[in-house]
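Heads up, the thing below is written out as structure tokens.
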Amino acid sequence: MDSAGNPYMPLTVEAQSLGEAWEKAVRTMMERGYERFVQAPEYQTWTKDAPMFITVSDPMAEPRVSPKAQMDLEMAKEYAKNYIHGMPKEQENSFDYTYYSRLRHYPDCPIRACMPAVTTDEETQAFVDKYSDGKCVVRRIDQVEMAIETFKKDMTRRSVVMHTWIPMRDLAKFTPERKETSSPCLVLLHPQVVENKLHFNVVMKTNDLFNAWPGNAYAFTELQKYMAERIGIGVGHYTHFSVSMQIYADMYEAAKRV
């Protein structure tokens, strides 16, 4: 507990490489994480939990995956390939969501993009009738490609934000239609170009630090490298923030060995 009496303050970790960052983060969470019981429909367990910032100064430095992690380098490479370039459509559609589908096939709507800030239901319907004859005008957006093209035109842009959230689906977890569905743990990616390098800032709502973080961070930084190469600049730092980073109780003993 900190001096202000708040047991759930954000934890911070700084490292040069992803592998080093993961090992430091595991030790920090086991020593300072909050004891939190999770009672989700799919599992009930104790966790070590806290908001956590992890900053990596050189995400391309070795080891990019710690030799102590549950996921090895080949598994991380396969995960990253699917994350950036996708799997066959049948496999993509077998999941409630994939990060590839939410980032590179995001369902958006020109009506939503052009509507006034606040409208009544009647005004909304009138707007839809006027601009699309009352029909759905959804289109798929490749946010990664749009971000790359934006930076190519102006590297000083601070408004390049890629996100995964679909509120009408992801905030409706306990409705009958969505009771069995899941929502993305990755919420947004906010890249910035400074001194001719692409710096990546990632926000996740929850993150399994011990099992999932090594693969997540490897894939996200592979996207960082992919975008930097397309833009024609270098790779900068990587900052990963999870609002609820956790280690589950069944991994405590393995985490202690790290």
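Figures for the structure shown
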read-out: Segment 61-72, residues that are among the aliphatic types (A, V, I, L, M) and either touching a Ser or Thr at 6+ places or on another chain (Cβ under 8 Å) or surrounded by fewer than 16 Cβ atoms within 10 Å (Cβ to Cβ) (or both); value: A61
read-out: Candidates T98, T120, T124, filtered to the one that is at pLDDT 95 or above and more than 26 Å from M227 (Cα to Cα); value: T120
read-out: Top-ranked residue in segment 1-25 [being among the polar types (S, T, N, Q) and modelled with pLDDT under 95; ranked as nearest to K68 (Cα to Cα)]; value: N6
read-out: Top-ranked residue in segment 152-196 [being in contact with a strand residue (DSSP E or B) (Cβ under 6 Å, 6 or more places away or on another chain) and not in a loop (DSSP other than H, G, I, E, B); ranked as farthest from N93 (Cα to Cα)]; value: Q192
read-out: Residue within segment 173-182 that is surrounded by 13 or more Cβ atoms within 10 Å (Cβ to Cβ), out of contact with any helix residue (DSSP H, G or I) (no Cβ under 8 Å at 6 or more places or on another chain) and either without any contact (Cβ under 8 Å) to a residue 24 or more places away in the chain or in the same structural domain as G232 (by TED's automatic domain parsing) (or both) present; value: yes
read-out: Members of segment 186-206 found to be aliphatic (A, V, I, L, M), buried (at least 21 other Cβ atoms within 10 Å of the Cβ) and within 27 Å of P167 (Cα to Cα), listed by number; value: L186, L189, V202, M204
read-out: Counted residues, segment 24-37 - those being touching a residue at least 40 places away in the same chain (Cβ under 8 Å) and surrounded by fewer than 19 Cβ atoms within 10 Å (Cβ to Cβ); value: 3
read-out: Options D58, D108: the member that is more than 24 Å from A228 (Cβ to Cβ), surrounded by 14 or more Cβ atoms within 10 Å (Cβ to Cβ) and acidic (D, E); value: D108
read-out: T156 vs. criteria under 30 Å from G86 (Cα atoms), of a type in the set (S, T, N, Q) and loosely packed, with under 13 Cβ neighbours inside 10 Å; value: yes
read-out: Candidates V138, V144, filtered to the one that is modelled with pLDDT of 95 or more, surrounded by 10 or more Cβ atoms within 10 Å (Cβ to Cβ) and touching a strand residue (DSSP E or B) at 6+ places or on another chain (Cβ under 9 Å); value: V144
read-out: Top-ranked residue in segment 89-105 [being loosely packed, with under 15 Cβ neighbours inside 10 Å and polar (S, T, N, Q); ranked as nearest to Q143 (Cα to Cα)]; value: N93
read-out: Segment 191-216: number of residues that are under 17 Å from M29 (Cα atoms) and out of contact with any Ser or Thr (no Cβ under 6 Å at 6 or more places or on another chain); value: 8
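The values are calculated or read from the model by the stated rules, or taken from the named source; none is laboratory data. Just so you know, these numbers come straight off a predicted model, no measurement behind them. Don't worry about glycine lacking a Cβ; one is built from the backbone with ideal geometry, like all the others, and counts go over all protein chains shown.
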